[in-house]
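*Asks:* Let me give you the structure first, and then I'll get to my questions.
The values are calculated or read from the model by the stated rules, or taken from the named source; none is laboratory data. Computed from a prediction, not measured in an experiment: that's the story for all the values here. Note that we place each Cβ from the backbone using ideal geometry, even for glycine, and neighbour counts take in every protein chain shown. For the accessible areas, the whole protein counts, side chains as well, though only heavy atoms, and no ligand, DNA or RNA atoms are used. Shrake-Rupley method; radii C 1.70, N 1.55, O 1.52, S 1.80 Å.
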Amino acid sequence: MMIALKEFNGKRELLVSEQLILEKCQSLKSTYLKKARCASKSWEYVRENGTIWYKFTSIPNRAPHFVIDHLGNEEDLIKIARFGNPEESKTNAKNKFLKQIELDIDYRDLHFYLYESGMDIKRETAEEYHSAYTWLKTINDYCKSNGWIRLGLRTKKEFFEIVIELLDAKKMKGLKISNPDALQRKINWYNEFTGDKRRFVISGLHSNNHNKKVTDEMERLFNSLFAGLGTKPTFEEVWYKYSRFVEGKYEIVNMETGEIYSPENFEEVSRSTIKAYLYKYENKIGNFSARSGDWTRFKLDYIPYYSFEKPKYANSLLSIDDRQPPFVTKGKKRTWYYMGMDLYSECYVAYVFGKHYEKNVEFLKNFYRKLLTNYHQWGLPMPGEIEMESSLNSTLKNSLLVPGVIAQNITIYQNAPNSKYIERAFGQLRYGLEKEDADFVCRPFARRESNQQGATAQELEYEDIVRKCNNFIEQWNNMPHSKFPEKTRLEVFLESAKSNPHVQEKIDWTKILPYLGINTLTSMKAGIVKYSNREYLIGNADGILTGDRLIERLRKINDGKVNVYYLNDDNGNHVASGIYTSDGRYIASLHPKPVFQKAKVEQTEADAILKETMAAYQNTIIGAIKESKSMIEEIQIDEKIAFVAPNYEEMVLMPTIDEDVEIMPNTTQKLSLYDRF
């Protein structure tokens with residue numbers, strides 16, 4: 001404000017700013033005021049925050065400028081200083097309200113009037129409805145929260161007055177109001193409206209559906225005739241069958257409910273009407289979904305797809321799939337590859353090959369064996385995630401492809417070729433390297449002329465195709481990385497995979513061996529298991545066991561036949577092995593028996609560690625033997641004569657003693673019971 005009541009030399013005075021004086025008295029210049037301040041006792045002033053304020057009663061009202069006449073009388077200026085300028089307050093309130101309207105505009109509401117309201121509204125009218133709804137919503141919000149106070153107005157009436165002035169200038173459809181009472185009624189009706197508030201401003205002319213010729217029941221029948229017969233009729237055929245039905249020459253039955261449709265409820269329509277309704281978005285997506293025999297193609301045309309960022313580390317995500325190399329094999333035995341690529345490094349980390357009739361579950365398992373043995377040789381943890389197509393992998397989803405077995409996460413896509421990154425990588429391999437080969441075979445229906453077949457390709461032996469393809473893969477892996485051209489793709493993979501902070505979990509061979517390991521039946525003797533002409537000791541996933549943990553495993557194994565699963569790399573080197581029950585339950589891991597230099601003068605630190613490990617293993621078993629032996633107590637066994645009871649039936653009874661019989665004394669020695677019996 002350019003007028004104020006402020007303290008001046010100890011008194012409260014009316015002050016006016018130099019800016020106001022220059023605006024009101026345009027004949028004055030700032031240089032004149034500067035000279036007047038310095039040369040005259042009038043023009044008393046004070047400088048505050050860069051603004052010069054003049055004491056109103058000190059300003060002279062003389063020719064040629066008559067400054068006071070231009071400024072007005074003192075009483076009016078004091079009122080303005082105390083209560084503000086009404087006209088200025090109203091202008092400021094209008095500007096603030098218009099800014100709030102701009103902030104409240106939501107263009108999704110415009111989309112509603114154009115496309116979602118279910119009414120045929122032209123864009124110009126839809127924009128007016130959108131503007132009217134925004135204004136009415138904002139006015140209602142201000143009324144509920146006493147928003148006119150924030151605008152600097154004192155009453156709701158003043159707020160309604162400026163709103164009506166603004167509305168009169170806008171002349172919007174759906175919001176034509178001439179007085180405050182009418183505006184209040186409009187707001188009351190708006191608040192009482194129970195439907196979607198955006199429909200409140202729509203004219204009734206756009207809501208009349210009583211003249212609609214095609215009913216919802218007719219529309220459903222159009223869709224059923226187009227997609228519910230099990231065939232794929234054209235629009236012309238749909239119109240023909242519908243017309244014959246309306247004429248009473250066809251009978252239509254709903255197979256779900258058994259209802260027979262009545263022709264009296266349906267009206268004749270033109271071919272173009274049926275086509276227009278079948279091509280409505282909500283009908284088209286369902287109809288073509290029911291008619292489509294190619295779900296992959298339908299998804300590409302109608303279902304939105306995700307977009308992803310590439311991983312920031314190697315080994316976070318592998319993409320795997322099969323492919324047929326672009327070369328012709330002699331005979332009918334086509335060549336197939338199964339390959340896996342790391343997304344960050346663009347490196348093929350594993351691949352296997354075979355003939356098309358070998359493309360089975362065992363072919364797939366060979367790939368996973370190759371992948372894991374490569375990781376073992378490189379000293380890498382298990383992959384963070386593997387993405388794959390369903391097909392053959394679906395048979396392993398409840399065993400090998402359970403998350404946490406060969407990778408932390410498993411993603412299986414069904415009929416979604418574009419979801420796998422490796423599909424695009426195959427194209428780069430095909431047209432970036434393999435195309436340069438003289439025997440390259442183009443796709444049958446390639447769009448680009450440069451990718452279409454030229455001269456007839458030569459048929460190759462299976463071994464020659466494998467040699468070519470392996471060379472192309474190795475060449476690809478040793479080419480410069482797209483982001484780090486100073487390094488090859490393989491170098492980027494190995495460096496980044498080892499430093500990936502998100503993937504640190506080691507490969508758990510105990511879970512993998514029952515699915516990918518080679519099974520053999522062997523025996524254990526003296527704590528040593530032998531198979532494939534090698535000796536192994538008992539351990540767990542971390543290494544060879546000693547102490548009580550070793551004895552515990554030996555108790556479970558109990559010298560005799562053992563069921564072993566093992567896995568070697570391409571060179572026959574041991575990767576992992578373990579002992580399992582016949583139903584696949586884990587008992588113990590097997591580790592190569594330590595072998596160290598016998599000659600003491602040639603032994604190294606590594607030999608010392610191996611010797612110490614073997615000694616601890618041996619001493620554990622010797623200790624168990626001693627402990628078991630110590631529990632044996634020394635005893636003696638004497639032969640014991642069994643007691644035999646007398647047979648009274650065979651005994652001879654003594655005769656009855658008569659008086660005439662002489663009893664002779666017993667002269668024999670009395671025998672003990674032992675001697676008697």
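*Asks:* Can you compute the helix-only [θ] at 222 nm over the chain? Use -39500 (n - 2.57) per DSSP H run of at least 4 residues, normalise by all residues, nearest 500 deg cm²/dmol.
*Replies:* Mean residue ellipticity, 222 nm, calculated: -12000 deg cm²/dmol.
*Asks:* If you put +1 on each Lys and Arg Cβ and -1 on each Asp and Glu Cβ, how big is the dipole of the chain around its Cα centre, in Debye rounded to 20?
*Replies:* For the chain, the charge dipole is close to 4580 debye.
*Asks:* Here's a follow-up. Kindly report, to the nearest 10 Å², the accessible surface of Glu282 as traced by a 1.4 Å probe over protein heavy atoms only.
*Replies:* Roughly 100 Å² of Glu282 is accessible to a 1.4 Å probe.
*Asks:* Dipole of the chain (Lys/Arg Cβ +1, Asp/Glu Cβ -1, origin at the Cα centre): which of Gln618, Asn188, Phe308 lies farthest to the positive side?
*Replies:* The residue sitting most towards the positive pole is Asn188.
*Asks:* Going toward the positive end of the dipole of the chain, with +1 on Lys and Arg Cβ and -1 on Asp and Glu Cβ, which of Leu364, Asn558, Ile538 do you reach last?
*Replies:* Selected residue: Leu364.
*Asks:* Sticking with this structure for a sec: Which one, Asn254, Pro233, Ser178, projects farthest toward the positive side of the charge dipole computed for the range 143-263 from Cβ point charges (K/R +1, D/E -1)?
*Replies:* Ser178
*Asks:* I'd like the carbon and sulfur percentage of the solvent accessible area for the chain, probe radius 1.4 Å, heavy atoms only, ligands and nucleic acids excluded.
*Replies:* The computed percentage sits at 50.
*Asks:* Show me the ranking of peptides 61-70, 303-312, 515-524 by mean Cβ neighbours inside 10 Å, starting with the highest.
*Replies:* Order by mean packing, descending: 515-524, 61-70, 303-312.
*Asks:* Can you work out the accessible area per residue across the range 252-342, with the rest of the protein chains kept in place, probe 1.4 Å, in square angstrom?
*Replies:* With all protein chains present, the range 252-342 gives 63 Å² per residue.
*Asks:* Taking a cut-off of 30 Å between Cα atoms, list the lysines near Lys640, but don't count ones fewer than 8 places away on the same chain.
*Replies:* Lys629, Lys670
*Asks:* Per the Debye formula with a single identical scatterer at each Cα and no solvent contribution, what log10 I(q)/I(0) holds for the chain at q = 0.05, 0.06, 0.09, 0.11 Å⁻¹?
*Replies:* Log10 I(q)/I(0), no solvent term: -0.65, -0.79, -1.02, -1.21.
*Asks:* Above 25 Å lies some portion of the pair distances; for the range 446-605, what is it as a whole percent of all C-alpha pairs?
*Replies:* On the way: 7340 of 12720 pairs.
Taking all Cα-Cα pairs of the range 446-605, the fraction more than 25 Å apart is 58 percent.
*Asks:* Using a probe radius of 1.4 Å on heavy atoms only, what accessible surface per residue do you get for the range 465-585? Whole Å² is fine.
*Replies:* 55
*Asks:* Given a Förster distance of 35 angstrom, what is the FRET efficiency for Asn568 paired with Gln414, based on the Cβ-Cβ distance and rounded to 0.05?
*Replies:* 0.55
*Asks:* To the nearest 20 debye, what is the magnitude of the charge dipole of the range 226-339 about its Cα centre, counting +1 on the Cβ of each Lys and Arg and -1 on the Cβ of each Asp and Glu?
*Replies:* Its charge dipole is roughly 1140 debye.
*Asks:* In addition: At a Förster distance of 22 Å, what's the computed FRET efficiency of Asp508 paired with Lys312, Cβ-Cβ distance as r, to 0.05?
*Replies:* 0.30
*Asks:* When the Cα atoms of the range 8-73 are enclosed in a convex hull and the volume is divided per residue, what value in Å³ results?
*Replies:* Numbers: hull volume 5.9 nm³, N = 66.
Value for the range 8-73: 90 Å³ per residue.
*Asks:* To two decimal places, what compactness ratio does the range 301-373 give when its Cα radius of gyration is scaled by 2.2 N^0.38 Å?
*Replies:* Output field value: 1.36.
*Asks:* With every protein chain left in place, what is the accessible area of Trp189 in Å² (1.4 Å probe, nearest 10)?
*Replies:* Probe radius 1.4 Å; accessible area of Trp189 about 140 Å².
*Asks:* Taking 35 Å as R0, compute the FRET efficiency from the Cβ-Cβ separation of Tyr32 and Asn92 and round it to 0.05.
*Replies:* E between Tyr32 and Asn92, to the nearest 0.05, is 0.65.
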